[in-house]
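> Below are the structure tokens for one structure; questions will follow.
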Amino acid sequence: MKKLLYLIFIIIGFISCDGRERAYMSNEAILKEDNLFKAFSEELHFIPETPVKIVTDTILSTGFQVKINYHSTESNPLVYTKRNKRDSIIYSHYKNFEAHIQISKNTESIINSALDKRLFKSFENSEFWDKAIMQYVWINHEASTEQKIQLHTAFQIPETEIYRDFILNIFENGTIEIKEYHIKPKTT
């Protein structure tokens with residue numbers, strides 16, 4: 001008799017927990033009721049999604065050999081937060097970039113160092129450098145001479161039009177000259 005009574009209580013318990021009160025609620029309302037809406041409404045984006053590595057190995061007719069290893073880093077990503085139309089939060093994680101540069105002339109090593117935003121700190125305020133990401137590094141073949149190699153690089157604050165371009169002249173004796181490159185608008 002006791003077993004039958006327990007069985008009846010269990011059946012009544014299952015029948016009363018059928019979720020009828022939630023049947024006509026939206027998923028959003030159910031998640032808000034359970035305090036889970038915030039966790040399910042967040043979006044995470046990683047830019048770039050996978051590690052990036054670009055290796056350039058160039059030999060110029062002037063005797064210079066330039067190796068550039070441009071890659072994304074996992075340390076200190078920049079995180080931007082915004083809300084979309086449905087009031088969910090979007091987190092965008094922008095990975096920083098750096099380049100490792102090896103330059104030699106006639107097999108004699110001139111420079112072997114990292115190129116990142118720390119090298120350019122004197123050209124702009126620290127607020128810019130805290131938010132900026134390296135965009136590219138390339139060799140300007142036309143401006144390179146027998147005595148120097150010219151590299152170009154740029155830094156941009158993601159999701160803005162704020163950027164800085166730089167020219168690096170690396171001379172055969174190992175000295176580096178850095179200049180900010182100001183693009184002049186075309187006028188007609």
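The values are calculated or read from the model by the stated rules, or taken from the named source; none is laboratory data. All figures in this text were calculated on a predicted structure; none of them were measured in a lab. So basically every Cβ, Gly included, is an ideal-geometry build from the backbone, and we count neighbours across all protein chains shown. The area values use the complete protein model at the heavy-atom level, side chains included, leaving out ligands, DNA and RNA. Shrake-Rupley method; radii C 1.70, N 1.55, O 1.52, S 1.80 Å.
> From the alpha carbon gyration tensor of the stretch 40-188, can you work out the equivalent ellipsoid semi-axes (sqrt of 5 times each eigenvalue) and give them in Å, largest to smallest?
That gives 34, 18, 13 Å for the three semi-axes.
> List the equivalent ellipsoid semi-axes of the stretch 104-188 in whole Å, largest first, each obtained as the square root of 5λ for an eigenvalue λ of the Cα gyration tensor.
26, 17, 10
> Along the charge dipole of the stretch 115-178, which of 143, 125, 156 sits closest to the positive end, that is, farthest toward it, with unit charges on the beta carbon of Lys, Arg, Asp and Glu (+1, +1, -1, -1)?
Value computed over the given set: 125.
> I'd like the accessible area for residue 90: 1.4 Å probe, protein heavy atoms, all chains in place, Å² to the nearest 10.
The accessible area of residue 90 comes to roughly 20 Å².
> Another question, then. Take the Cα atoms of the stretch 55-119, find their three principal axes, and give me the spread along each one in whole Å, biggest first.
Here the spans come out as 61, 21, 15 Å, largest first.
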